[in-house]
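Visitor: Mind having a look at this structure? Questions to follow.
Only the coordinates and a few stated rules stand behind these numbers; no lab work does. Predicted model only: the values in this text are computed from it and were never measured. Glycine also receives a Cβ, built like all others from the backbone with ideal geometry; neighbour counts cover every protein chain displayed.
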Amino acid sequence: MTVAVNRGDPRFDTLKSGHNLRFPASDQEAADRILLCASADETADALRRVIAAGMRPTVRSGGHCYEGFVSSNPQGAIIDLSLYKTVTRDGETGSYCVAPGAVLGDVYLSLYKRWNLTLPAGSCFMVGAGGHISGGGYGLLSRLYGLTADWITGVDILTVDADGTVVARRVDKDQDPDLFRACRGAGGGNFGIITSFRFEKLPVAPREVVNASLFFPWKDMTEEQFTRILMKFGDYWEGRGKDPDTWGLFSLLEVTPKVTGHFGIHSQFCQPDGTVNDVSVFNEFLSRFDVFQPMTTLPATAPLGPHRLNLRTQGGSPRGIIKRPWLDATVGDGGGGGPTRAKYKSAYMKKTFTPAEASTIYKLYTSPANEGRGSVISIDSYGGAVNRPGLVRDTAVAQRSSIMKLQWQCYWRNADEDSEHLRAMDEIYTAVYTGSHVDAHHQGTPWGDRYEGCYMNYADCDMLRYSYWPELYYGRDGLYPFLQQVKRRYDPNNIFHSSMSVQE
Amino acid sequence: MRLRDRLRTSGAVRGFGAPPTRRTFLAMLGSAGAVRLVPQPHGLVPSGAEARPTLLCVGALTGGGSGAIHTLAVQGGRCEPLGSIPSEQPLALASHPARPIIYAANSVNRYRHEPRGTVEAVLVDQRTGQLERVACQPLSLSATYPRSLAVSPDGRSLLVAAFGGGAYNILPLDESGVPGAPSAILKQVGRGAHFPDQGSAHPASVVFVRQHLMGIAADFGADRLDLLSPDPNAPRKFTIVNRIACRPGSGPCALALHREGGLLVAAQRLRPALTIFRLVPPAHLEQSGEIPLPSTPAAITWCPQQEILYTVLTERSCLSHLHVWQLDPAAGTLRRIAEAALPAADIRAIHAGPAALYLASERGLITVNLDHTSRTPLLTTGLSAAVRGAVSLAAVTRA
């Protein structure tokens, strides 16, 4: 039975917010009602009631929306699916079915323990499947297996027709194929409420992986050295990293401000067969950085930073490599962290770093002015199976040529610091994408020969100031106009909307 | 020679009566003649007399996505430009019942890069006619392209119809008339027979019933009228208390509420007609008649003093037609008593003063003097080109 949490309910103040405590920005901005649903039927019933009341529904699965698309809903209703978290197999079709409220950690555990399968999804245990998969969904196995959205073969979705009738649809490549494609990566909150992701088949879970971290002290780091590290990292993904035997390698270079003492590269590898019998590819990658003499462990007192790999390096082993069961490496430490105030940005890169980019990042992250601002750049390896031909036509993910994906993050605690952190993040990001390495008409944004725009799951409302923002998220090869058609057809009243939803 | 004398007084057109065919209607026009515009820079229109001086506020689109709000002093049919301020897209204006403030519905779909329309509040100096923008309030997310707005009789709420976003917003007005963030957001669903024009809900026109603090709205997209009342437990929160279905595919686009509050006329665009409703308390509308029209209604208003309704119909040619209707209050029907052709096809709003009609058109503000007794048009008309691109009108009493 649907649980309704209204203002005045003791649970309301806790449940009105998601993971990012910046939202709602005020009590007035908060939703009036939170409806917790544990099944597709309950969700449909809740949606009917919300529509009949003339309220705006926003939809929450794990609550990790980076902007206020869900929690900022004045006088509206949040349909919370966090109690709807089944991971099952359809006895009739054999499809694996993931409910939107299932968190990724539970999805991994269920798929692994029941069927020895997995999804190439994200690394944060507590992120909900609903939003994550709707936006494409990528993670440590994506270079090996592609995006989560690439594996979807069907979607159960509730749409609202022009009359306001809630319609339960099962869409796939044959039934409502346009809506099906749109559900494969365009982002949540656009067309309806997905009540189940269906997969006819899924990749076998790796048996084991190896992890390693390399740490680079800021203390004596010169701009020239820093630039070489970034370019050496990027060169790999632009070159050797395109070879299929490397697709089991995932790595992130995490740049933190100088005040943290170090920055690092954190990596995971398994062979395409899911074993680590031969780690020569891993060693080959790590050896590229030997010249910089990185540390493989940190002093016990050193801060670890917010990186998203469950890394526990092992002193004494070559390059600190540690072998772990894949499941342990994936869900072993839970991860995800608690709610905080945060801002995020993103960039897809098709080529390695230019000296100008690296120089700008160096200056910004070694500047005393930025020491207290807590911003971090996670530079993730990308490409591999994600970039297989044809996927761009079948899914709603346009970025199929990139070799790295950057997530800009900033975390803080106090509301009175909001404006300063938001301003600083915007300035830093804009500075990196300003210059001769960026197309003249797209200064300040990752767009052009070297870049492929931004990731909708790392939504960033700052980008709305650019009239071409849909291109940044959906490319310029007709995907956005296609999504607009789907929007008009399946959500003609624009029931599901946010400041960055597909717009007419 | 007065135009009235040249007009052919048409026979009574009662509710659901047979409409004139296009051919007969054009023949009527041919015999009726046309109002002639007399462009003058200012100080127009000699005859007639306003009961009291009025400031007429005119919303105008100035091109390139910009707009302006102008004030003109009107008295005795005379128009004198007084003030002007930039605006965005002031497609509709409404005045506060007690304060010299007008509200403009900016028909935009972006506010600080988000998909929202906006409402501006503009303070009018009743002595000089100078304007000062005192607020720009964004509407709710996705409430885009607002097309109509109305202030509640108690001056505490502003009802806005967001045509593009398919929503109503109620904005609370503080003691000085400044609007706050929406206190009620009512997202609408629905469709009509004409796709894509009626592919979704499109609230197009709103009015307030003075006697009952109830709003009435025409939803062009969903072919219905919505009745909105304050929530008894939260006066700033309105809810839809009744919906009245209109003829499928009719496209109600404009409302005019008789001053007594008991009679409402809805102009329908897609099946051109006037539909007449009686207001049945507490919140019901009972249709008392329907009059087919020969062309699309563009503007509608009641004469404030008498039982006269004015409508402007748009033809495909460069002409519009002014129709004058006499109300039979007992029967709840309208009888057309006069008509005239106007040399403009883009009239967007009409305001009836005691002595003249003011019509907002692309060419400027058209003044049509009225016969003092019959309230029908006189020959003498004027054009104030100072307000080119005029699309909306509202009046404020002059000090």
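Visitor: Sorted by average packing, counted as other Cβ atoms within 10 angstrom per residue and highest first, what order do B:131-138, B:359-366, A:291-298 take? Write out the running numbers ahead of the final one.
Guide: On the way: B:131-138: 17.5, B:359-366: 24.9, A:291-298: 15.6.
Peptide ranking by packing, descending: B:359-366, B:131-138, A:291-298.
Visitor: A follow-up question, please. Grab the DSSP H runs of chain B that are 4 residues or longer, score each as -39,500 (n - 2.57), total them, divide by all residues and round the 222 nm result to the nearest 500 deg cm²/dmol. Let's see the in-between values first.
Guide: Working: 2 runs with 15 residues, N = 399.
Estimated from H runs of four or more residues: -1000 deg cm²/dmol.
Visitor: Measure out, as a whole number of angstrom, how far apart the alpha-carbon centroids of segment B:356-399 and segment B:245-275 sit.
Guide: What the calculation gives is 23 Å, centre to centre.
Visitor: Can you pull out the trypsin sites (Lys or Arg not before Pro) in segment B:167-227 whose DSSP state is coil and whose Cβ has at most 16 other Cβ atoms within 10 Å?
Guide: Numbers: sites: B:LYS187, B:ARG191, B:ARG210, B:ARG224; in loops: B:ARG191, B:ARG210.
When the trypsin sites (Lys or Arg not before Pro) of segment B:167-227 are filtered for loop state and at most 16 Cβ neighbours within 10 Å, B:ARG210 remain.
Visitor: Using the C-alpha gyration tensor of the protein assembly as shown, what are the square roots of 5 times its eigenvalues, in whole angstrom, with the largest one first?
Guide: Gyration-tensor ellipsoid for the protein assembly as shown: 62, 28, 23 Å.
Visitor: Which pairs break 27 Å Cα to Cα here: A:LYS242/A:LYS323; A:LYS85/A:LYS405; A:LYS343/A:LYS363; A:LYS85/A:LYS323?
Guide: Working: A:LYS242/A:LYS323 24 Å; A:LYS85/A:LYS405 29 Å; A:LYS343/A:LYS363 21 Å; A:LYS85/A:LYS323 31 Å.
Violating the 27 Å Cα-Cα cut-off are A:LYS85/A:LYS405; A:LYS85/A:LYS323.
Visitor: For chain B, set up a Gaussian network in which alpha carbons nearer than 10 Å are linked by springs, and say which option among B:GLN305, B:GLN188, B:GLN126 fluctuates the most.
Guide: Checking each option, the largest mean-square fluctuation is seen for B:GLN305.
Visitor: Another question about this same structure. Roughly speaking, what is the centre-to-centre gap between segment A:1-79 and segment A:211-249 when only Cα atoms are used, to the nearest Å?
Guide: 42
Visitor: State whether chain B is rounded, prolate or oblate according to the following rule on the C-alpha gyration tensor (a ≥ b ≥ c being the square roots of its eigenvalues): a/c under 1.5 gives rounded; otherwise a/b larger than b/c gives prolate, and the remaining case gives oblate.
Guide: Judged from the Cα gyration tensor, chain B comes out oblate (a/c at least 1.5, b/c at or above a/b).
Visitor: Given springs between every Cα pair under 10 Å in a Gaussian network model of chain B, which of B:GLY190, B:GLY63, B:GLY177 has the largest fluctuation?
Guide: For chain B, modelled as a Gaussian network with Cα springs under 10 Å, the answer is B:GLY63.
Visitor: Are there trypsin sites (Lys or Arg not before Pro) in segment A:430-486 that DSSP marks as loop and that have at most 16 other Cβ atoms within 10 Å, and which are they?
Guide: Within segment A:430-486, the qualifying trypsin sites (Lys or Arg not before Pro) (loop, at most 16 other Cβ atoms within 10 Å) are A:ARG476.
Visitor: 5 Å is the cut-off here: which amide hydrogens, built 1.01 Å from N in the peptide plane, fall below it relative to B:TYR111, excluding neighbours closer than 5 in sequence?
Guide: Those qualifying (amide H under 5 Å, at least 5 residues apart or on another chain) are B:ARG116.
Visitor: Counting Lys and Arg as +1 and Asp and Glu as -1, each charge on the Cβ, what is the dipole of chain B about the Cα centre in debye, to the nearest 20?
Guide: For chain B, the charge dipole is close to 620 debye.
Visitor: Would you mind giving the mean number of other chain beta-carbons within 10 Å of the Cβ of each residue in B:186-193, as a whole number?
Guide: Details: counts 5, 14, 4, 13, 5, 6, 1, 0.
So the per-residue partner count for this stretch is 6.
Visitor: Follow-up question, since we're still on this one. Over segment B:295-399, what lengths in whole Å, largest first, do the semi-axes of the equivalent ellipsoid take, defined as the square roots of 5 times the eigenvalues of the alpha-carbon gyration tensor?
Guide: Taking √(5λ) for each eigenvalue gives 21, 17, 12 Å, largest first.
Visitor: Let me ask something else about it. Under 28 Å Cα-Cα from B:LYS187, which lysines qualify once same-chain neighbours fewer than 8 residues away are excluded?
Guide: A:LYS16, A:LYS487, B:LYS237
Visitor: When the helix-only estimate is applied to chain A (DSSP H runs of n ≥ 4, each -39,500 (n - 2.57), divided by the residue count), what is the mean residue ellipticity at 222 nm, nearest 500 deg cm²/dmol? Could you put the intermediate results ahead of the total?
Guide: Working: 15 runs with 128 residues, N = 504.
-7000 deg cm²/dmol, from helical runs alone.
Visitor: Among DSSP beta bridges lying fully in segment A:208-466, give the percent that are antiparallel, nearest 5.
Guide: 100
Visitor: While we're on this one: Order these peptides, B:53-61, A:407-415, by their mean beta-carbon neighbour count within 10 angstrom, highest first.
Guide: Packing proxy ranking, top to bottom: B:53-61, A:407-415.
Visitor: On to the next question. Please build a GNM for chain B, connecting alpha carbons under 10 Å apart, and tell me which residue among B:ALA193, B:ALA344, B:ALA162 fluctuates the most.
Guide: Greatest mean-square fluctuation among the candidates belongs to B:ALA193.
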